[in-house]
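Below is one structure, written out as structure tokens; comments come after it.
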Amino acid sequence: MTEITQAMNADEFDMLGDEMDDEFGEESFRELFENSPQGNLAVGDVVEGTVIQLNPDSVVVDVGYKSEGVIPLSEFVVDGKPAQLEVGDKVDVLFERAENESGLIGLSKEKADRQKVWNSLEEDAVVDGKIVSRIKGGLSVDIGVNAFLPGSQVDLRPVRNLDKLIGETFEFKIIKLNKRRGNIVLSRRVLLENERESQRADTLKTLEEGQVVEGVVKNLTDYGAFIDLGGIDGLLHITDMSWGRVTHPSDILAVGDAINVKVLKFDREKERVSLGLKQTAPDPWLSVAEKYPAKAKVSGKVVSLTDYGAFVELEEGVEGLIHVSEMSWTKRIKHPNKILSIGDEVEIIVLAMDTENRRISLGLKQVEPNPWDAIGEKIPVGTVIEGQVKNITDFGIFVGVDEGIDGLVHISDLSWTKRIKHPSELYKKGDLVKAVVLNIDTENERFSLGVKQLTQDPWQIIPEQYAPGTIIRGKVTSVTEFGIFLEVEEGVEGLIHVSEISKEKVESPKDFASVGDELEAVVLHVDTQEHKIALSIKHMSERKEKAEVEEYMGAQKKATSSLGDLLKGAFDTSAKD
């Protein structure tokens, strides 16, 4: 054997034999070796040759044998690029076979390079390699020969997308090497763990509370972020990320971000570290009172909406609340999203400040003049207005008075005389209504209107029209257990109490009359304040009898007066005679 083959152990010899079997087909490498020329050169030897000729696609190399060898130019590659060769250059090649029919020996530059790599590899050695492809269970790495990098050995933590590493170059440790089978297993994780452990020892020596250090965001959770400080992880809680509002750590951080954090607490024994990001900058609330005094007009950005209001960021870490009641002078805002959206830039007025509890009350409506301050001058009490019915409730109707201001016509101010159970009996939304301004309460923002006040109160003249003793005729509008309601005139009713129906006992008014019947009654009493007229049928006959007596007595008096006048005339005539 030659010097190289004599230096190979049994495993290396078998491994090279397996590789050569692929090249020589059924004739094994061992047979070729045994039949190879004895002397200075044997099949499988890696020898130095000299370039003696350069062809367009091949290189002729002399290795001191009686014949030369021709090697494809594609085998001469340096760092992925074709090598720049010149005649006379020295190259290492592998002797594959003796002369063929053409008289040329078989040489290989690629196999020589691969053989040198194999000879240099050792288990636990650290090598440079380039990840070239993804294969089942991991990645294929080129370290001069192909090696296998399991997915679990790529990084300290599982990598979800291995494809993104293709083309990257790293250092790897050989954790398994079988030259006979040509198997090489690599690990990058082992090197990272060693590096991390070294960093961890250095970090523990220098880490102190109050120190500002640089770290890398390693992981995000709902409650915070874990920061790699160099071999040791610290927790950055969500409440220590910003002086302002943070909904989720992902709002301001991403895995892989390099950030400066302050060490808030450090338990050296348990190796637990609490970190703060907001503490690396001054607390903005220390100067808030000076920067945002009460009644100051400021601007900010809407960052959050709730049922009760909108939060506005005045600066990083400083937010104020616009309560829903402070959004409009006139509109009833059911939800802030009716007029505001997240991201809106707004101008507001500072209403109140509570630095101790970190609260600022803001007003949106205060930026504009309050229309209620001028409404009294614009539409004074007593003014007759016309407006649309905006809303109908059990207690009245709301009528549009001015832009954003509605006036209430209470159900009691709809009519002087009619009994109205619900305003919808008379009006519907959109109707045009005339009304008179009754009262303006600017402090409580209430505007009172009246419809019935457009006409004179009939109860002011009813006492004159229906004096006690007046006999009226009307239609029964209602019959109850306590009496009969009789319409005196349109919208005006009087009550005949059950005790005033008859001189005889009446068991129930319903036995005496029905709705729609026409009855006569006499007025007993008129109450203008309570809008009540007391009527009586029982006293009707008495009234009639009295009237008849008065009429009879009047007639008798008139007859007597006429007879006296007649007698007096006759007496005066005879006296003259």
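The values are calculated or read from the model by the stated rules, or taken from the named source; none is laboratory data. Keep in mind that what you see is a predicted model, and the values were worked out from it rather than measured. Every residue, glycine as well, gets a Cβ built from its backbone with ideal geometry; the counts of neighbours run over all protein chains shown.
Of all residues in segment 405-450, those being assigned to a loop (DSSP other than H, G, I, E, B), among the aromatic types (F, W, Y) and either farther than 25 Å from V488 by Cβ or free of Cβ contacts under 8 Å to residues at least 60 places away in the same chain (or both) number 1. Tell me yes or no: at least one residue of segment 71-85 is of a type outside the set (K, R), over 30 Å from G167 (Cβ atoms), surrounded by fewer than 18 Cβ atoms within 10 Å (Cβ to Cβ) and not assigned by TED's automatic domain parsing to the domain that holds V132. So far as segment 71-85 goes, no, none of its residues is of a type outside the set (K, R), over 30 Å from G167 (Cβ atoms), surrounded by fewer than 18 Cβ atoms within 10 Å (Cβ to Cβ) and not assigned by TED's automatic domain parsing to the domain that holds V132. Suppose the filter is of a type in the set (K, R) and without any contact (Cβ under 8 Å) to a residue 60 or more places away in the chain; does R200 pass it? The answer is yes for R200.
Filtering segment 82-118 to residues that are under 28 Å from K179 (Cα atoms) and either of a type in the set (D, E) or without any contact (Cβ under 8 Å) to a residue 24 or more places away in the chain (or both) leaves D92, E96, E110, D113.
Could you tell me whether any residue of segment 133-141 is assigned to a strand (DSSP E or B), β-branched (V, I, T) and under 30 Å from I175 (Cβ atoms)? Steps first, answer last, please.
Residues of segment 133-141 assigned to a strand (DSSP E or B): 133-135, 138-141.
Going one step further and asking which of them are β-branched (V, I, T), we end up with 135, 141.
Still in the list and also under 30 Å from I175 (Cβ atoms): 135, 141.
Within segment 133-141, one or more residues are assigned to a strand (DSSP E or B), β-branched (V, I, T) and under 30 Å from I175 (Cβ atoms).
Within segment 242-270, the set of residues being in a loop (DSSP other than H, G, I, E, B) and either in contact with a helix residue (DSSP H, G or I) (Cβ under 6 Å, 6 or more places away or on another chain) or among the aromatic types (F, W, Y) (or both) comprises S242, W243, V246. Taking E504 as the residue in question, decide whether it is at pLDDT below 85, surrounded by fewer than 16 Cβ atoms within 10 Å (Cβ to Cβ) and more than 60 Å from the chain's Cα centre (by Cα). Here the answer is yes, as E504 does meet what is asked.
Please indicate, with yes or no, whether at least one residue in segment 342-359 is farther than 25 Å from P284 by Cβ, surrounded by fewer than 12 Cβ atoms within 10 Å (Cβ to Cβ) and either in contact with a Lys or Arg (Cβ under 6 Å, 6 or more places away or on another chain) or not charged (D, E, K, R) (or both).
Kept after step one, since they are farther than 25 Å from P284 by Cβ, are these residues of segment 342-359: none.
Within segment 342-359, not a single residue is farther than 25 Å from P284 by Cβ, surrounded by fewer than 12 Cβ atoms within 10 Å (Cβ to Cβ) and either in contact with a Lys or Arg (Cβ under 6 Å, 6 or more places away or on another chain) or not charged (D, E, K, R) (or both).
With (1) at pLDDT below 90; (2) surrounded by fewer than 14 Cβ atoms within 10 Å (Cβ to Cβ) as the list, and Q453 as the residue in question, which single condition is left unmet? Going through the list (1) at pLDDT below 90; (2) surrounded by fewer than 14 Cβ atoms within 10 Å (Cβ to Cβ), Q453 breaks only (2).
For segment 333-357, the set of residues classified as outside any strand (DSSP E or B), of a type in the set (D, E, K, R) and closer than 16 Å to A294 by Cβ consists of E356 only. Within segment 404-442, if we keep just the residues that are under 24 Å from L486 (Cβ atoms) and hydroxyl-bearing (S, T, Y), the residue that is surrounded by the most Cβ atoms within 10 Å (Cβ to Cβ) turns out to be T417.
Whenever a residue of segment 355-375 is on the phi > 0 side of the Ramachandran plot, its partners that are in a helix (DSSP H, G or I) and hydrophobic (A, V, I, L, M, F, W, C), lying with C-beta atoms within less than 8 angstrom and at least six residues away or across chains, give the pairs R358/W285.
For segment 204-213, the criterion of being assigned to a strand (DSSP E or B), surrounded by 13 or more Cβ atoms within 10 Å (Cβ to Cβ), out of contact with any Ser or Thr (no Cβ under 6 Å at 6 or more places or on another chain) and in contact (Cβ under 8 Å) with a residue 24 or more places away in the chain is met by at least one residue.
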